[in-house]
Every structure is written in structure tokens, then in C-alpha cells.
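Chemist: Here it is, the structure in full.
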Amino acid sequence: MSKHKNCLSLLSGTILCSIIPTQAHSKPQPNIILINIDDLGWADLSYNGSKYYETPNIDNLHKLGVSFQVAYAAAANSAPSRASMLSGLYAPRHGVYTVNPATRGDAKDRNLIPAKNNKHLPDSIVTLPMVLQKAGYNTCNVGKWHVGKDPLKQGMNTNIAGNSAGHPKSYFSPYKNPNLTDGPAGECLTTRLGYEAANYIDTVSSNRPFFLYYAPYAVHTPLQAKDSLVAKYKRKQATPEHNNPSYAAMIENVDAAIGGIIKAATNRDNFENTVVVLTSDNGGVFDISKQTPLRAGKGSFYEGGIREPLIIYQKNVFQGGVEYRTPVSQLDLFPTFIELANIDYEGMLDGISLVKLLENGRDKALANRALYWHFPAYLEGGNEQTKDPIFRSRPVSVITHKGWKLIENYEDGTLELYHLTEDTSELSDIAQENPKKTAQLYKMLVEWKKLTRAALPTRM
């Protein structure tokens with residue numbers, strides 16, 4: 001397959017690309033299964049060291065596929081994370097900064113007026129499913145959508161259970177979900193959605209490739225799980241970090257559903273032409289599951305809130321059982337998929353295709369670029385590992401570059417600097433000891449905000 005990349009180098013490794021094929025397809029476009037688990041933390045998996053949670057199917061996918069140990073979501077909570085992954089754009093370009101409203105928490109504790117926040121992706125934003133659909137893919141959403149009211153208007157041919165809701169009203173039928181027919185009383189939503197996804201794979205036509213976006217509402221609250229599984233984890237030895245039987249049961253249940261989906265995919269002809277990707281939208285909820293050695297959790301821009309599991313598997317195509325520590329982002333999935341599908345797309349993308357890294361084991365563009373976050377809003381629910389006990393995050397902007405991380409705090413103008421390669425837990429703020437590095441990263445961050453026209457919070 002011959003193609004060239006139309007790339008514009010912007011700032012410190014940030015590259016915007018359009019992937020333009022120059023010849024007809026030399027191989028069929030792959031089926032794509034994108035699994036995006038809700039609120040599953042980086043440390044909530046057996047393969048990442050959990051001694052309490054059981055994830056045999058995900059662990060097996062890790063063993064067979066390529067895993068990225070420094071993979072990031074583009075935001076620390078659901079709506080902006082999903083909006084960025086499905087659009088391939090940083091938050092300032094689409095304006096979804098947080099789950100509405102931006103004025104979370106008690107007004108007396110806020111010192112700034114948050115920037116305007118879009119609840120959903122604007123109609124002008126092109127989504128990954130739209131591009132795949134236009135290229136001939138049969139597209140299907142199963143589960144949580146949260147970036148608009150109707151997935152069918154944002155690129156999906158089929159929608160099962162997806163709408164604007166950020167969490168289910170119940171994990172047991174009746175679900176009170178307008179986009180999902182209730183099952184028998186007591187049927188489990190996680191099991192049902194796993195079945196729906198597997199059934200889609202079993203029955204979708206092989207005349208054209210398919211894109212399945214499987215986004216279970218699990219393991220988001222409310223914590224509701226099958227009694228038998230909860231009882232199992234009540235009997236199991238817990239750890240200081242992981243000790244909630246209901247949450248553990250929910251993780252096992254979603255892992256079982258993923259096992260069924262993978263089995264359905266392997267039963268199709270030419271499974272080698274199917275790419276499976278597994279990730280999560282943000283870190284685990286700190287009060288439910290600690291992300292040790294990572295700091296804090298969902299809603300925070302410390303590593304526990306934004307570093308996610310990421311596995312990519314394609315049988316007999318990408319080398320299995322390898323781990324890369326090159327920092328990557330879920331923004332990279334959009335350009336990766338369209339390169340694998342050899343799709344002519346000339347729109348703006350903020351990520352870089354992972355195909356070169358997957359094929360060659362290295363990619364200088366990925367290794368040298370910076371990654372950015374912008375959160376001009378408030379998110380209540382702080383804890384002992386966040387900057388203060390009131391908010392998980394106050395308005396911040398963040399940059400990581402070659403192992404360094406800088407956090408700009410808008411309320412007090414302070415800068416935090418961490419050397420992630422030596423201090424993964426972000427225990428030591430070394431901004432004062434490294435004024436040159438602090439100034440360098442801050443300059444890059446300011447330039448990026450200007451380039452993306454990032455909306456800023458204002459003084460009251």
C-alpha cells in the first residue's frame with residue numbers, strides 16, 4: 001500500500017496530518033473493534049499488577065497484542081475524553097472541556113469564571129465513525145455515547161443503548177434506557193451489551209468492513225453487580241488499594257463480556273483482518289479504586305486521572321506480547337484507523353498514526369512530540385492526592401514532553417513540574433529547582449494555547 005502523509009509540524013513535536021493514499025487498496029480494509037471501558041483505571045487490571053481484580057480476557061489480549069504503558073486520554077473525565085478520541089481533536093478545538101456544568105462544586109470555593117463549555121460535540125465536528133461510514137464501513141455503537149444525543153446522526157449505522165447519558169439509571173433490567181429494549185427482570189446490563197456486541201459481529205454482513213464501538217457503561221457508578229460475583233470478592237483477600245467487592249465484580253463482568261466479543265470476532269472468516277483496540281476513557285474513581293503508583297484518579301490531571309490502559313491487537317500482523325513506553329494518546333487512534341483503512345482524509349487531526357510504531361517498534365515523531373491538556377473548569381470531589389481536598393481539578397493546562405510534565409494552575413498562577421521517568425507518582429514538584437525546564441515547557445504550553453485558541457477562565 002503506497003501513500004504519503006500531508007503533515008504540518010507545529011510545536012515541539014505536535015503534528016497535524018492528513019493521510020492521503022496514492023494508489024488503490026493493496027489489501028482489504030480491516031474490521032475495527034474499539035473497546036472503551038468507562039472509568040477503568042490504569043491499575044485496575046491484573047496485567048498491571050492488581051492482586052484483587054480478575055481480568056483474564058483482557059490479560060490474554062495484553063499477552064497477544066501490543067500494549068502501551070504510557071497511554072493517555074485527552075481529558076480526565078468522560079465527555080471530553082470521548083469527544084477528543086472520536087474527533088481526533090484536542091478539547092480547545094471542539095469546546096467540550098468537562099461533563100456539564102463547568103461550574104461544579106460550591107460557588108464560594110471557586111475563584112474564577114470557567115470558560116464556556118459545550119455539552120456535546122458541535123455539529124460541525126467530523127467524527128471517526130462519519131469518516132469510516134463514508135468510506136464504506138458498516139458502523140455500530142453498543143453502549144455509552146455521551147458526545148451527542150443520537151449516534152445515528154454522528155456516523156453510526158446502528159445504535160444500541162447509546163444517547164447523551166453519562167451513566168445508566170440501573171445495571172439491571174428494567175434499564176429505563178430509550179435506546180435499549182428491556183430484558184427479563186434482573187437481566188444485567190453489562191452482560192446484555194456484551195451479547196449485543198457479539199451478536200452484531202456474528203450477524204453483520206461480510207460484504208464490507210465493520211467498525212464496532214463497544215463502550216459499556218461499566219464500570220461507572222452506580223456500583224451494582226451480580227450477587228454471586230460480589231460474594232466471591234467478599235471472600236477474596238483485598239489489598240489497601242483495591243478492596244471494593246462490588247467494583248471488582250463489575251470489572252470481572254465486563255471482562256467476561258469482552259471475552260465473548262473476542263470469541264465472536266475469532267469465529268468470523270479472516271479474523272486476521274480485524275483490529276481490536278482496548279482502552280478506557282479516564283482514570284479510576286479515587287474513592288473506589290486507588291491507581292498506585294499513579295497519583296490521584298478520575299477528574300485529576302495527575303497521572304492517575306489521565307493515564308489509561310491501551311492494547312492493540314491484530315493476529316499475525318503486529319508483534320504480540322510487547323510493551324512500548326513511548327507516550328501515546330487516544331488522539332492517535334483516529335489517524336491510526338484511517339491509515340490502516342487507507343482512507344483519504346484531509347481534515348485536521350491532532351494525533352499521529354501509531355502504524356509506524358506498531359510495524360517498526362519505534363517512531364521519532366511520537367517520541368519527540370509534546371502532549372497537551374486544557375481544563376478551564378472545575379470538578380469537585382478532591383482527596384488527599386489532589387492539589388486540594390475540595391476539587392479534583394481546578395482550572396489547569398498541562399504539557400508532557402520527553403518525560404517531563406508541567407501543570408499550570410490558573411487560580412494562583414503557580415507551575416508544577418514533575419520528571420515522570422524518575423517520579424511516576426508525581427511526589428516531588430521540582431519547578432523551583434529547574435527554572436530553565438519550567439520556562440521551556442511553559443513557553444510551549446502558551447504557544448499551543450494560542451494555536452488552538454484555547455478558551456481561558458476569567459477573573460470574577
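The values are calculated or read from the model by the stated rules, or taken from the named source; none is laboratory data. Note that the structure is predicted; figures quoted are calculated from it, not measured. Because the Cβ atoms are built from the backbone with ideal geometry, glycine has one as well, and the counts that use them run over all protein chains shown.
Chemist: Hey, any hits in the stretch 8-24 for a residue that's at pLDDT 95 or above, in contact with a Pro (Cβ under 9 Å, 6 or more places away or on another chain) and closer than 30 Å to P376 by Cβ?
Modeler: No - not one qualifying residue is present in the stretch 8-24.
Chemist: Go through the stretch 376-460 and tell me which strands (runs of 3 or more DSSP E), entirely inside it, have 3 or more residues that are at pLDDT 95 or above and under 24 Å from P327 (Cβ atoms).
Modeler: 396-401, 404-409, 415-419
Chemist: Quick check on I288: is it on the phi < 0 side of the Ramachandran plot, surrounded by fewer than 22 Cβ atoms within 10 Å (Cβ to Cβ) and either within 13 Å of the chain's Cα centre (by Cα) or β-branched (V, I, T) (or both)?
Modeler: The answer is yes for I288.
Chemist: Can you pull out every residue in the stretch 309-328 that is within 17 Å of I37 (Cβ to Cβ) and part of a strand (DSSP E or B)?
Modeler: L310, I311, I312, Y313
Chemist: If you don't mind, there's one more thing I want to ask. Taking the stretch 226-261 as the region of interest, how many residues are assigned to a loop (DSSP other than H, G, I, E, B), buried (at least 20 other Cβ atoms within 10 Å of the Cβ) and aliphatic (A, V, I, L, M)?
Modeler: Residues meeting the conditions: 0.
Chemist: I've got another one for you. With respect to the numbered conditions (1) surrounded by fewer than 23 Cβ atoms within 10 Å (Cβ to Cβ); (2) out of contact with any helix residue (DSSP H, G or I) (no Cβ under 6 Å at 6 or more places or on another chain); (3) within 23 Å of I35 (Cα to Cα), which one is the sole condition not fulfilled by L223?
Modeler: (2)
Chemist: Next up: Exactly one condition in (1) in contact (Cβ under 8 Å) with a residue 40 or more places away in the chain; (2) crowded, with 24+ Cβ neighbours inside 10 Å; (3) among the aliphatic types (A, V, I, L, M) is not met by A264; state its number.
Modeler: (2)
Chemist: Sticking with this one: Looking at L212, L180, L193, L152, which is the one that is in a strand (DSSP E or B) and in the same structural domain as D281 (by TED's automatic domain parsing)?
Modeler: L212
Chemist: Return the only residue of Y214, Y200 being surrounded by 23 or more Cβ atoms within 10 Å (Cβ to Cβ) and in contact (Cβ under 8 Å) with a residue 24 or more places away in the chain.
Modeler: Y214
Chemist: Going by the conditions given, is V142 of a type outside the set (S, T, N, Q), buried (at least 23 other Cβ atoms within 10 Å of the Cβ) and either at pLDDT 95 or above or outside the structural domain of L331 (by TED's automatic domain parsing) (or both)?
Modeler: yes
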